Structure formats: structure tokens, C-alpha cells
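The structure appears below as C-alpha cells.
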Amino acid sequence: MNVTALARQLKVTTQEFLEKLPELGFDIGARAIKVDDKLAPKIIAAWKRAAKKAAMQEEMGKITQIGTKDDKNLDKATQKEITIPETIIVKDMAELMRLPVARLMGELMKNGIMVSLNEKVDFDTATIIAEDLGFKVNKSDEEIIEEENKREKLNKLLSNRNTKDAKPPVVVVMGHVDHGKTKLLDAIRETNVIDQEAGGITQHIGAYQVTKRNRLITFLDTPGHEAFKAMRSRGGQIADVAILVVAADDGLQPQTLESIAVIQKEKLPFIVAINKIDKEAADIDKVKQQLSEVNLVPEDWGGDVVCHPISAKKNTGVEDLLDLVLLIADMGDLKADASGSAVGTIIESHINKSEGPVATVLVQAGTLNIGDMFIVGNVSGKIKTLKDWTNKDAEQALPATPVKILGLKKAPVIGEILEVITDKKEFKAKSKNLNNYQSQHQITAQKKNDDDEPSNTLNLIIKSDVLGSAEAIEEALTKLTVADAKVKVIKKGLGQITETDILSATATNAIAIGFHIKKDKNIQILAEEKGVIVLYFDIIYKLLEDIEERLENIRSKKTIHKLLGKLEVLAIFKTNKASMILGGKVTEGKVVKPSKIKVFRNGEIETVGEIGNLQAAKEDVNEVVEGTEAGLEFKGDPIIQIGDTLEFFEETYE
Ligand code: GDP
């Protein structure tokens, strides 16, 4: 069998395959091209065993071991720091963490992520796994560099286009939570969609278009956080105009300032929509005052910031706001090249149960057609179906048009650039070079169903209206003591619970908690689909009470291994497919039937099985004590060797 074919089967590169073989006890030479046909199955088996062993060792590390000296043989990860980029190859990550790559793969596998050592995982996943292993994770500058690269790539792709065709403005609505972004987007959609039927659609594709004065305006309607993310990474290249929503009764808040920072960094034309003016506590002047304090002086105060009072609830001033959007857009003289192959940015992406991977792309140049071959990040494909934002089949999509695409092999990452490649040869070559980057979505899709594994850690993702409260909640939660059960905050952040949060929660078996944020129907649907628990609280002690109860519940699932005795293997009598007959001497405690068995070699756990028959002096017995020789049947992976130590233990659940 060819080495390359075998490596491919094991999902590693040939080089890695050859490098790893000696570790597994095979010496076929570093330059071997072929493997003996008899040896190949042995290599495959050893390879799989190594991965299984890594996963099992990790598992054992989580179980309470009692009744012996510390025999865990697992290196306890001390708190170390690592810095990782947006994506990292598993092998490199293991090196950074100074861990055997098999161990890291085991940890990934346990989280449902089936990757080989040469595949990439994204930053969020790497962080979760690394933190699980006791590491503190920092984001490397590379991530920023990568973003810059994407930005440059998009710039490049767009720069050589002939911007001759007028295009609708693309508008993003930003602002602090609860200031009325959703309400405003709803109000605009409800009153300005020509096709009234479409106004009532529930399907969310992350953007919609309205007609005002016979002109189209595209609104990005991504959940707050995603919009931010997209804005940060692709900035002014996605949107042409921003509407900064500020509630007149609440003034400038942390996320308002964050939005202003993004707008300014991207030099994005914007309008301040002073919302909720119907409220008694509304104070427009106060908002203007606060804006002036951050150097955003309103027009009527002698500055150049357009402020427009509205009530999204009462639909007051919303129409004029659209006129202002068109005015600002006209000042920018928006143009794009509508001919030629399409370039766009992914604004939404998920795996739909019936449709498979689905993404929404905002076309930025050219025309996207059914049948187009494209590359987006590390995913390639051919457009099978295009659907407009009302979910109607579309033939093509012009610049500034949001369109849902089907025909993806994997769900792409939000913010990624989609590029249509018309030349078949070029497409083939480019698709070939794509590495198997695993996005969070794919990871979720591949998740194993290991939900009922006993664990005494409750993973949480906390989102709140202000970062301070998320931090306060985390602190209070970590102080909760319920026997050995504890909480682990996998992620905390500002703003709504997003699709990404739900996907992270799926991959890590976490519960998503929203504090002082409002429920989102779409998120609720996704969470239900993925089996993620989402809890919302407004009062901290209620949150603590709930979590305490959950900790009590998981505590009862704790696994305890009580060591009963040890035996040194002196002889192997028979090796079957899933059992062995062997003999040895009891060196500590006693060997008891029934019990479970851990097999140790050179201090490392190799496998776990259980005892079948037990004999002493050729008689069937139930117990053999220290100092005596015993013969026994081991049920499990038949990999025991002479010299191995068997540990007999009892497994209980507290
Ligand atoms: P978002 O978090 O910025 O998307 O805020 P929402 O659009 O969800 O609005 C938050 C709350 O403020 C909801 O209860 C809305 O009904 C309410 N709201 C939004 N706009 C207005 C408004 O113009 N007037 C009043 N009175 N309430 C509003």
C-alpha cells in the first residue's frame, strides 16, 4: 500500500505520518513510499489506538481517584499562558502547549472535534480546549494581521473593478442594547417593503432591502454582536452608512461609545437617530450635549453630526431618517461594478437542518449567478440555489444585494470574502489548495453525542448588557461551592447571545446565560435545534440560585475510582479479539471479581477493561490477595504485555 494513501486514510500528511510511525513502534524509514500490505492494518490499528489512548487518558484525569498514592500519571497542567492566532494547526497548538499532540487531539475529540494533527481549529475552539487544559489564552497579533490581510484582499478584489454602476446604500444600525435597533429595523421593514407579504416573513437572512423614493436601500439586520464583528473586520467595506441609535431617555452608553469608535475608525458616514422621543423621560438636548462631549457636535449646535429624533415604536421620523440615509449616500456617490464575476462578504452563516450549510452573502461587486463557482475562505463550491431576502428563488444578485446561497460544502465564517472564479482550471487549482479549516459551524456539525458523560464542571457562556456585570457574575459564580462541582466560564461578553455563542455552547456542552438582555427568538430557535440551554436573568441572586441547583444535580454524577489492588503481568496465555488470558502476581491489595481494570505501562495508562474469570491455583475464585499469583481473563483491548501493571478498581458515582 502507498504511504500517501495510508496517510490520507489516517487524515495526516505523509510527512507527519512518517514522523509519527517510530513513536508507534514502526520503523519503515523516513523516506518509505510503500508499506507492506500486512503491516498497513497494524499501523492503522496502532494509530487509532494511540488516539483512543489519548482520549482515555484525558478522561481518567477528570475522575476522582482514591485508595492509592497519586498514580494518575497525567501531567497536571499548571496555569500557563499561550498566544494563538485566529486559526491554528493542531500540531502547532500542541507544541505551544508542550503537550503530546495525541493528548490534544484526545481533548478535541472529547469535545466532538474530529481533526487530525495537521488540520486547523479556530481561535474560539482553541481557547476553549486550551482553557480546559489549564492554559490562559491570548490572541496573537497575527489575528489582527489576518484581518488586515482579508481587508487588503477585498480591497484588491474591488480596486481593479470599474465602479461605474450606481448601487443601493448598505446601512448598518448600531448602538447600545435596548436603545431600539431592532425596533427601528422592524419599523423600517414593516412600512417600506413593497411586497407586503414579504414584510411578514419570519425567516432571517441577516439583511433586507426597502424601497424609498423608488430607490433601494439595503439594511444589515445581523444580531448586534455579529454586526459589530463584521464591522470591525470589514468595516466601511460592508456598510456605506451607519445609523447610530441612542435612546433619548438613556443617553450615551458603553456600546454607543464602542459603536462611535468603530464608525470613526472606519470613517463611515453616519446619522445619529435619537430614539424613544415618545417617552416622557426623553431628553434630546441631553443626548446632543453628551455627543458634543465626545466631539460629535450636532449640526444645529454648529457641528457636522446629523442628529435625527425618532420614535421607532410610534414610527415617528422614520421616513425622514430614510431620506437622510439617501442624502448621505448621495454625498458618497456610491458606485460599484455590476458586471463580471461576483465578490462579496459573508454576513450570516449556519447549518440548516434541511438545507445543509447556508450562508448569506452581501454582493459587493459583479453579479452572482446560479452555477457560479466560488471560493469563500477555505470552502469552495458551486451556487446551487440563490434566494433573496424574502426567501424567494433568485436568478442573480447585483451589488449591495443580500442573497442566501445554497450549495456549500461547509458553512463559511462570517466576515469571510466570497470570490467567484470563472476559469475552471483556476478554480480547480485554488480549491485544491484549500486546507481543511474547521470552522465552529463544522465542528458543531460533527459533534459527537457524548452529552451524558459524567462531569462535575458546568460550562457557562455569559452575556450581559455591560461587561462589568458579566465579570461580577463570573466572580459570584466561581465562589459558589457545591461539593466538587464547579462552574467554568468559557466565554463572557457584552451584548446579545449570538449564533456564535450558541455554537460555542454546543461544542462545549455549555449553558448560555443572558443577564439584563432581551430574549431573541431566532437564537431561541437555534438553541432548541442544537439542544443548548439558554437562560435569561435580570436578578443576580436568581441566577446564582439556578446555577447552584444545577451544580447540585451534576454533582451526583461524579465518578469515583477506588483502587482495590494491583497485579504485575508475568505471562500472556491467550490473546483473543476482545479479551486476553494472562497470569501475574498481586503486588498490592487484592484482585477482586467483579472489578474494572486499568492497564499501565511505564507509568502510563494504556487502556481500561474489566475482569472476566479469575483463578488462583487453577481454581475459579472471586478474590486473590497480595503476594499470590493469579490467572485471569481481561475483557477489553487485547494489548497487554508482560511487565504491564494492572490496577483493579471499583467505579462508583457519588
Ligand atoms: P435593541 O436592543 O437596540 O435592538 O433594542 P430593541 O429594539 O429591542 O428595543 C428595546 C426596548 O425598547 C423594547 O422593549 C422596545 O419596544 C423599546 N423601544 C424601542 N424603540 C422605542 C421607542 O421609540 N419608544 C419606546 N417607548 N420604546 C421603544
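The values are calculated or read from the model by the stated rules, or taken from the named source; none is laboratory data. Fair warning: this is a prediction, and the values are worked out from it, not measured in the lab. Because the Cβ atoms are built from the backbone with ideal geometry, glycine has one as well, and the counts that use them run over all protein chains shown. The area values use the complete protein model at the heavy-atom level, side chains included, leaving out ligands, DNA and RNA. Shrake-Rupley method; radii C 1.70, N 1.55, O 1.52, S 1.80 Å.
In degrees, nearest 10, range 0 to 90: what is the angle between the Cα axis of helix 424-433 and the longest Cα principal axis of the chain?
50
Take the Cβ-Cβ distance between THR83 and LYS38 as r, set R0 to 56 Å, and report the resulting FRET efficiency rounded to the nearest 0.05.
0.80
Just want to confirm a number: the relative contact order over the chain, from Cα pairs under 8 angstrom separated by 6+ residues, in percent.
11
Using unit Cβ charges (K, R positive; D, E negative) and no other charged atoms, how large, in debye to the nearest 20, is the dipole of the chain about its Cα centre?
Details: 90 positive and 102 negative charges, 433 e Å.
Charge dipole, the chain, about its Cα centre: 2080 debye, nearest 20.
Cross-link partners among lysines for LYS286, C-alpha distance below 27 Å, same-chain residues fewer than 8 apart left out?
Within the straight-line limit of under 27 Å, LYS286 reaches these lysines: LYS181, LYS183, LYS265, LYS267, LYS276, LYS313, LYS314, LYS518.
Hey, what D do you get for region 277-434 in µm²/s if you plug the Kirkwood alpha-carbon radius into Stokes-Einstein at 25 °C and 0.890 mPa s? Mind dumping the intermediate values first?
Values: Rh = 18.5 Å.
Reported coefficient: 132 µm²/s.
Which residues in region 630-654 have a backbone N closer than 14 Å to a point placed 7 Å from the Cα of ALA45 along the Cα-to-Cβ line?
In region 630-654, the label zone of ALA45 (backbone N under 14 Å from the point 7 Å along Cα→Cβ) covers 636-641.
Probe of 1.4 angstrom, ligands and nucleic acids ignored: what's the accessible area per residue over the chain, in square angstrom?
46
Could you work out what % of the accessible surface of region 375-426 is carbon and sulfur, using a 1.4 angstrom probe and leaving DNA, RNA and ligands out of the count? List each step's numbers first, then the result.
Working: 1050 of 2170 Å².
The computed percentage sits at 48.
Which of the peptides 85-91, 284-290, 101-107 is most tightly packed, and how do the rest follow, judged by the mean count of other Cβ atoms within 10 Å per residue?
Values: 85-91: 20.0, 284-290: 17.4, 101-107: 23.3.
The most tightly packed comes first, giving 101-107, 85-91, 284-290.
Charges at C-beta only: +1 for Lys and Arg, -1 for Asp and Glu. How large is the resulting dipole of region 286-372 about its Cα centre, in Debye rounded to 20?
Values: 6 positive and 13 negative charges, 87 e Å.
Roughly 420 debye for region 286-372.
Kindly rank 390-402, 331-343, 497-509 from highest to lowest mean number of other beta carbons found within 10 Å of each residue. If you can, show how the numbers build up before the last one.
Values: 390-402: 18.7, 331-343: 17.0, 497-509: 24.9.
By packing density, highest mean first, the sequence is 497-509, 390-402, 331-343.
Pop out the carbon and sulfur fraction of the accessible area of region 505-654 as a percent, whole number, probe 1.4 Å. Write out the running numbers ahead of the final one.
Numbers: 3680 of 7610 Å².
Ligands and nucleic acids excluded, carbon and sulfur give 48 percent.
Using bins 5 angstrom wide from zero, how does P(r) for region 572-633 break down, in % of all Cα pairs?
4, 17, 27, 30, 16, 4, 0
Need the full-extension length gain, ASP423 to GLU471, defined as separation in residues times 0.36 nm minus the C-alpha distance. One decimal, nm.
On the way: separation 48, 0.36 × 48 = 17.28 nm, distance 5.16 nm.
That pair, ASP423 and GLU471, stretches by 12.1 nm at full extension.
State whether the chain is rounded, prolate or oblate according to the following rule on the C-alpha gyration tensor (a ≥ b ≥ c being the square roots of its eigenvalues): a/c under 1.5 gives rounded; otherwise a/b larger than b/c gives prolate, and the remaining case gives oblate. Write down the numbers at each step before the final one.
Working: a/c = 2.99, a/b = 1.83, b/c = 1.63.
Judged from the Cα gyration tensor, the chain comes out prolate (a/c at least 1.5, a/b above b/c).
Where the centre of each part is set by its Cα atoms, how far does region 494-572 sit from region 327-385, in angstrom?
A separation of 36 Å, based on Cα centres.
Once you charge only the Cβ atoms, +1 for Lys and Arg and -1 for Asp and Glu, what is the size of the charge dipole of region 303-430 about its Cα centre, to the nearest 20 debye? Please report the intermediate quantities before stating the final value.
Working: 15 positive and 17 negative charges, 185 e Å.
So the dipole magnitude of region 303-430 works out to roughly 880 debye.
In degrees from 0 to 90, rounded to the nearest 10, what is the angle of the helix 39-61 Cα long axis to the longest principal axis of the chain?
That works out to roughly 80 degrees.
Compute the semi-axes of the equivalent ellipsoid of region 519-654, taking the square root of 5 times each eigenvalue of the Cα gyration tensor, and list them largest first in whole Å.
Working through the eigenvalues yields semi-axes of 46, 17, 12 Å.
So what is the 222 nm mean residue ellipticity for the chain from helices alone, if each DSSP H run of at least 4 adds -39500 (n - 2.57) and you divide by all residues, rounding to the nearest 500 deg cm²/dmol? Present the calculation step by step, with values, prior to reporting the outcome.
Numbers: 19 runs with 212 residues, N = 654.
Per the formula, -10000 deg cm²/dmol.
If the reach is capped at under 17 angstrom between alpha carbons, list the aspartates and glutamates near LYS384, excluding any in the same chain fewer than eight residues apart.
Here the aspartates and glutamates satisfying the reach criterion relative to LYS384 are GLU355, ASP372, ASP393, GLU395, GLU419.
Under a crude label model (7 Å from the Cα following the beta-carbon direction), how far is LYS212 from ILE540 in nanometres?
4.2
Would you mind putting 39-45, 51-57 in packing order, based on average other-beta-carbon counts within 10 Å, highest first? Please list the in-between numbers first.
Numbers: 39-45: 15.3, 51-57: 18.7.
So the peptides 39-45, 51-57, ranked by packing, come out 51-57, 39-45.
Which lysines, on any chain, are close to LYS593 with Cα under 22 Å apart, when same-chain ones fewer than 8 places away are left out?
In chain and number order, the partners are LYS562, LYS566, LYS574, LYS577, LYS585, LYS618, LYS635.
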